[in-house]
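J.: One structure is given below, represented as structure tokens, and several questions about it will come after.
The values are calculated or read from the model by the stated rules, or taken from the named source; none is laboratory data. Since this is a predicted model, take the numbers as computed values, not measurements. Cβ atoms come from the backbone with ideal geometry, glycine included; neighbour counts cover every protein chain shown. Heads up: the accessible areas ignore ligands, DNA and RNA and are worked out on the full protein's heavy atoms, side chains in. Shrake-Rupley method; radii C 1.70, N 1.55, O 1.52, S 1.80 Å.
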Amino acid sequence: MSLSAYLTIQAQDADTLKTQHLDEVTVSVRRSGTVRMRGAENGVAIGREELFRAACCNLGESFTTNPSVDVNYSDATTGAKQIKLLGLSGIYVQMLTENLPNFRGVASPYALDYVPGTWMQSIQVSKGASSVRNGYESITGQIDVEYLKPDADEGLTVNIYGNTMSRLEANADANVHFNKRLSTELLLHYQDDLAEHDANDDGFMDQSNVRQWNMQNRWKWKSDGYLFHGGLSLIKEKRDGGQTSHHTPLANHLYTTAVETNRYEGYMKHAFVINQEHSTNIAFMGNASLHQMNATFGRKHYDVDETNAYMQLLFETDFSKQHNLSAGLSFSHDYMDTDGAENTYGAYAQYTYNLNDKLVAMAGLRADHSNLHGTFVTPRLHLKLTPHEVVSLRLSAGKGYRTSHAMAENVYLLASGRQLVIDDLKQEEAWNYGASASLYIPIARKTLKMNVEYARTDFSQQAVIDYDSNPSQIHITNLHGKSYSNTFQIDATYPLFTGFEMTAAWRWNDVKTTYGGRLMEKPLNSRYKGLVSASYKTPLGLWQFDMTLQMNGGGRMPTPVDGLWASSFPAYEQLSAQVTRWFRHFSIYIGGENLTGKRQRQTVINAADPWSTTFDPTMIWGPVHGALGYVGIRMNIGKHL
């Protein structure tokens, strides 16, 4: 088979077996669950085939096999998680749900738990300053979640999951087609942690117990020349953590945490096709949310209500096969009863030139006006060059801005016994530059896919979380000096034999920020990451075996106080594995996470005295629990798994 034929098969982004009939010969090809984006941006699309390789209970657990995205706990009391991309915190990654900005401000610390894994159809991860179409906030990248669609196959899918940490989950999605044009979908999720766990016997729960109800109802109408999407969602969640109920102090002296959340959201999209031949269309879309959070950390309280609204009017057309223009207007409203309101009006234009996929150039420019920060301009440029079918080269440069809601986005810092001091913060501002090469090398009638990339982010303004300057404070202040990140990554994927695919990756992080006048390595940040992942599906597709080994490098701890912790943390490895048995209408999966048992022994600093200024559960660099086992079942009625 020719190289171009291999590339055609590898580029498919579905996640089931494809059957091709060649005369009387049937060839089954397992499609890759992760495919590289074909446009000028550097990114990948993660499909359900990849998501099914692990339990994937929510968005935060969807990157187990991904070498680019890290997910770590932020604190040991509430279970807040954060994404790290290009060596930097997830607040610099713009979160989208179906191309609509989402989970901003107060929602960001726990947003990764708000998207159940079984609801997702795919995840698009773009690295670097992405398209200006979705706003100015993407500094290190975008993560866009695509949910299951209302017009997918009719029927019901149910997923039941349980693990050895006493966590139970139930998920369901159901589709109904009223006619050829109108369809609806109901998504349901319930999660409950039933017991307290304290494996290191420090008197504090290893992670908070979470009870969550999550529901979404989605609608779709399609006709010749018009398309409508719309839906409503509701999340109710409670997180309880802190000292265990059997700890020695009297019950009314226990240090406990509680975070109660109510979130209400709605979205809509209207698309009008003007000229199908030139893909000319006008669309109007928007979403709105109300997020209510009541948080308690020991004797500290933080209650906040936040409303977000976003609207966009956009126009897109292909002048010819080579020339595409996208332009639009946007408005965003962010109101927090603790911080006030920000209203931002924006306009953008983006031009794409495509010369037979050999050269793709995408240049975008947007201007925005904020009532808080005035007018600012965001330029971005992406280039892709494919001189030969075995190699694609990409270059990118772009600027990004964001408004920092320091208290809301870092609410878990209230769990620390230190005094939290927040300055009057400026708008964050950074440039991002990237270069990458994708190689498709034919070896033994198969294709070795390699990717080599480098990215640099330079901040001119940043909200800096300073643990180092004052041992009695956590100080969130404006940047005074340099702040940057350099990341280098190489990864390769190769199908060793039919049904078996292996991925290996290595990434180096150089992340430094100025703290109290000193340029220092960012604390709690691994200097490198290695990954080896393997997946095998038997020829008839009845059994699937998956394994991923991660090696996370050591790094710097915040400046030690009174010898309560070390000045650095060590490297550690994590192993996860899963076995899936597929049947006609259901599948059973059993697996384990962190099977090496590696975990951070001291997750809470000075756990013996939670009311002291040296108490701190926010210095998390590694896993907070040991080995974990799980089992689950996926069932469908009228649908294909």
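J.: Taking the range 149-171 as the region of interest, how many residues are buried (at least 18 other Cβ atoms within 10 Å of the Cβ) and either aliphatic (A, V, I, L, M) or touching a Pro at 6+ places or on another chain (Cβ under 6 Å) (or both)?
T.: Within the range 149-171, residues that are buried (at least 18 other Cβ atoms within 10 Å of the Cβ) and either aliphatic (A, V, I, L, M) or touching a Pro at 6+ places or on another chain (Cβ under 6 Å) (or both) number 2.
J.: Pairs only if they're at least six apart or on different chains, beta carbon under 6 angstrom, first in the range 277-296 and within 18 Å of Ala107 (Cα to Cα) and open to solvent by less than 20 Å² (accessible area, probe 1.4 Å), second among the polar types (S, T, N, Q) and assigned to a strand (DSSP E or B); list them, first residue then second.
T.: Hits for this filter: Ser289/Asn308; Met293/Thr261.
J.: Look through Val273, Val304 and report the one residue that is over 30 Å from Tyr348 (Cα atoms) and either touching a strand residue (DSSP E or B) at 6+ places or on another chain (Cβ under 6 Å) or not in a loop (DSSP other than H, G, I, E, B) (or both).
T.: That would be Val304, the only listed residue that is over 30 Å from Tyr348 (Cα atoms) and either touching a strand residue (DSSP E or B) at 6+ places or on another chain (Cβ under 6 Å) or not in a loop (DSSP other than H, G, I, E, B) (or both).
J.: Given the options Arg218, Arg211, name the one that is crowded, with 16+ Cβ neighbours inside 10 Å and within 28 Å of the chain's Cα centre (by Cα).
T.: Arg218
J.: If you don't mind, there's one more thing I want to ask. Taking the range 560-570 as the region of interest, how many residues are open to solvent by 50 Å² or more (accessible area, probe 1.4 Å) and under 30 Å from the mean Cα position of the chain (by Cα)?
T.: 3
J.: I would also like to ask the following. I want to confirm something. Restricting to the range 207-256 and keeping residues that are modelled with pLDDT of 95 or more and among the polar types (S, T, N, Q), which single residue is farthest from Phe272 (Cα to Cα)?
T.: So the residue we want is Gln212.
J.: Quick one: count up the residues across the range 297-315 that are touching a helix residue (DSSP H, G or I) at 6+ places or on another chain (Cβ under 9 Å), in contact (Cβ under 8 Å) with a residue 12 or more places away in the chain and not basic (Lys, Arg).
T.: 9
J.: Next question. Scanning the range 375-402 for residues that are open to solvent by 20 Å² or more (accessible area, probe 1.4 Å) and farther than 18 Å from Arg36 by Cα, which turns out farthest from the chain's Cα centre (by Cα)?
T.: Within the range 375-402, the match that is farthest from the chain's Cα centre (by Cα) is Thr375.
J.: Scan the range 81-102 and report the pairs whose first residue is free of Cβ contacts under 8 Å to residues at least 24 places away in the same chain and whose second residue is in a helix (DSSP H, G or I) and open to solvent by 20 Å² or more (accessible area, probe 1.4 Å), with Cβ atoms within less than 8 Å and a gap of 6+ or a chain change.
T.: Close Cβ pairs (under 8 Å, with a partner that is in a helix (DSSP H, G or I) and open to solvent by 20 Å² or more (accessible area, probe 1.4 Å)) amount to Gly90/Ser108.
J.: Could you list, in sequence order, all residues of the range 608-635 that are farther than 23 Å from Glu61 by Cα and open to solvent by 10 Å² or more (accessible area, probe 1.4 Å)?
T.: Ala608, Asp609, Pro610, Trp611, Ser612, Thr613, Thr614
J.: Scanning for something open to solvent by less than 50 Å² (accessible area, probe 1.4 Å), among the β-branched types (Val, Ile, Thr) and at pLDDT below 95, does the range 592-603 turn up at least one residue?
T.: There is at least one residue in the range 592-603 that is open to solvent by less than 50 Å² (accessible area, probe 1.4 Å), among the β-branched types (Val, Ile, Thr) and at pLDDT below 95.
J.: While we're here: Would you mention how many residues in the range 51-102 are closer than 22 Å to Asp240 by Cβ, modelled with pLDDT of 85 or more and small (Gly, Ala, Ser)?
T.: Residues in the range 51-102 being closer than 22 Å to Asp240 by Cβ, modelled with pLDDT of 85 or more and small (Gly, Ala, Ser): 1 in total.
J.: Using the structure shown, decide if Thr548 is touching a Ser or Thr at 6+ places or on another chain (Cβ under 9 Å), surrounded by 14 or more Cβ atoms within 10 Å (Cβ to Cβ), in contact (Cβ under 8 Å) with a residue 60 or more places away in the chain and not in a strand (DSSP E or B).
T.: No: the conditions fail for Thr548.
J.: What pairs come out if I take residues in the range 176-204 that are under 30 Å from Gln602 (Cα atoms) and pair them with residues that are open to solvent by 70 Å² or more (accessible area, probe 1.4 Å) and aromatic (Phe, Trp, Tyr) whose C-beta lies under 7 Å away, six or more apart or interchain?
T.: Cβ pairs passing all conditions: none.
J.: Further question on the same structure: Inside the range 29-50, can you point out the residues that are under 20 Å from Ile588 (Cα atoms) and modelled with pLDDT of 85 or more?
T.: Gly47, Arg48, Glu49, Glu50
J.: Test of understanding: among Ile274, Ile235, which residue is in contact with a Ser or Thr (Cβ under 9 Å, 6 or more places away or on another chain), β-branched (Val, Ile, Thr) and open to solvent by 70 Å² or more (accessible area, probe 1.4 Å)?
T.: None of the others qualify; the one that does is Ile274.
J.: Further question on the same structure: Would you be able to tell me the number of residues in the range 502-545 that are part of a strand (DSSP E or B), surrounded by 21 or more Cβ atoms within 10 Å (Cβ to Cβ) and of a type in the set (Gly, Ala, Ser)?
T.: 2
J.: Of all the residues that make up the range 59-80, how many are touching a residue at least 40 places away in the same chain (Cβ under 8 Å) and within 10 Å of the chain's Cα centre (by Cα)?
T.: Number of matching residues: 7.
J.: I'd like the full set of residues that are assigned to a loop (DSSP other than H, G, I, E, B) and free of Cβ contacts under 8 Å to residues at least 60 places away in the same chain, limited to the range 416-466.
T.: Correct list: Asp423, Asp424, Leu425, Lys426, Gln427, Ala444, Gln462.
J.: Return the residues of the range 121-159 that are under 28 Å from Asp368 (Cα atoms) and either of a type in the set (A, V, I, L, M, F, W, C) or in contact with a helix residue (DSSP H, G or I) (Cβ under 6 Å, 6 or more places away or on another chain) (or both); say none if nothing qualifies.
T.: Ile123, Val125, Ala129, Val132, Ile139, Thr140, Ile143, Val145, listed by residue number.
J.: Which of the strands (runs of 3 or more DSSP E) found entirely inside the range 552-641 contain at least 3 residues meeting this: within 28 Å of Ser89 (Cβ to Cβ)?
T.: Qualifying strands (runs of 3 or more DSSP E): 572-582.
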